[in-house]
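The values are calculated or read from the model by the stated rules, or taken from the named source; none is laboratory data. A quick note: this is a predicted structure, and the numbers were derived from the prediction, not measured. Here the Cβ positions follow ideal geometry from the backbone for every residue, glycine too, while neighbour counts run over all protein chains shown.
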Amino acid sequence: MLNRCFMPKSFILPVLPAILAMLFAGCKKSAENPTMATEAVVPTSGTLVVYFSWTENMAGPPAGVQAVTSATYPPNDNVAGNRMGNIEAMATMLRDRFGAYVHSIHMDKPYDSVYEKMHDRAIDEIRKDREVALSGGPGALDGYGTVFLGFPIWGGGLPQPMVSFLKANDLSGKRIVPFAINLGSGMGRIPKQLSSLCPNSTITEGFNIAAATANAEAAEAFTKWLDEHHILPESQGK
């Protein structure tokens, strides 16, 4: 049985016309893809952004309608080969706003680009709390006071690659700000997970938005949320 945080097959056909319309009406491709800049940006503040997305962890190009309607890959941005989802767009906004260093989580063995195969593997990893081997890392974390964590909500919680990252990196003493995308769920058990994985960190309320939100709209909503919650660059205080 599919978890509600993934897109069930029965949902696709009724909304297919709308999905196809969004495919052609989406945002223009961004000239600044955070994937291109993640390892090259020199931080100008004590702020780190760590995010995980299926779009950057596919074994091949996206396959089928469900691949572009999943919680990570918004259909309205699947244009002209653009694989930037709204998680990546929000990470770029944080980089530009805070001078943050951006690290994208990459797996040694990427997920299949076929939705059903990815879903089955992801849920199995979550249920068995299976460790996922990751490639690379953000380096030393001593200079960061605030860490933004971006991810799709899978199975009502964190994707296992993000869990594996948090198990491998000590975020003690840091402020953690989650930002997520979903397919109809709330934050689920994520606050409890983060408290368990990062018991010595200060975890703020998380930002959560629908996966089908256009990139520019998601970044704008997240910016407004940051202002409303008075979350400033580390150099300007908390």
Exercise. Which ones in the stretch 196-220 are assigned to a helix (DSSP H, G or I) and in contact with a strand residue (DSSP E or B) (Cβ under 6 Å, 6 or more places away or on another chain)?
Worked result: Ala218
Exercise. Out of all the residues in the stretch 217-233, is one or more without any contact (Cβ under 8 Å) to a residue 12 or more places away in the chain, of a type in the set (Ser, Thr, Tyr) and closer than 23 Å to Gly46 by Cα?
Worked result: no
Problem set entry | Check on Leu232, at pLDDT below 95, within 18 Å of Ala89 (Cβ to Cβ) and out of contact with any Asp or Glu (no Cβ under 6 Å at 6 or more places or on another chain) | no
For this session: Go through the residues of the stretch 205-214 one by one and say whether even a single one is touching a Lys or Arg at 6+ places or on another chain (Cβ under 8 Å) and crowded, with 17+ Cβ neighbours inside 10 Å.
Result: no
For this session: Pick out the one residue from Gly184, Gly139, Gly143 that is free of Cβ contacts under 8 Å to residues at least 24 places away in the same chain and either under 21 Å from Leu226 (Cβ atoms) or surrounded by fewer than 21 Cβ atoms within 10 Å (Cβ to Cβ) (or both).
Result: Gly139
Seminar exercise, completed: Within the stretch 99-117, residues outside any strand (DSSP E or B) and either farther than 26 Å from Pro233 by Cα or touching a Gly at 6+ places or on another chain (Cβ under 6 Å) (or both) come out as Asp108, Lys109, Pro110, Asp112, Ser113, Tyr115, Glu116, Lys117
Exercise. Quick one: is Asp120 more than 18 Å from the chain's Cα centre (by Cα) and not in a loop (DSSP other than H, G, I, E, B)?
Worked result: yes
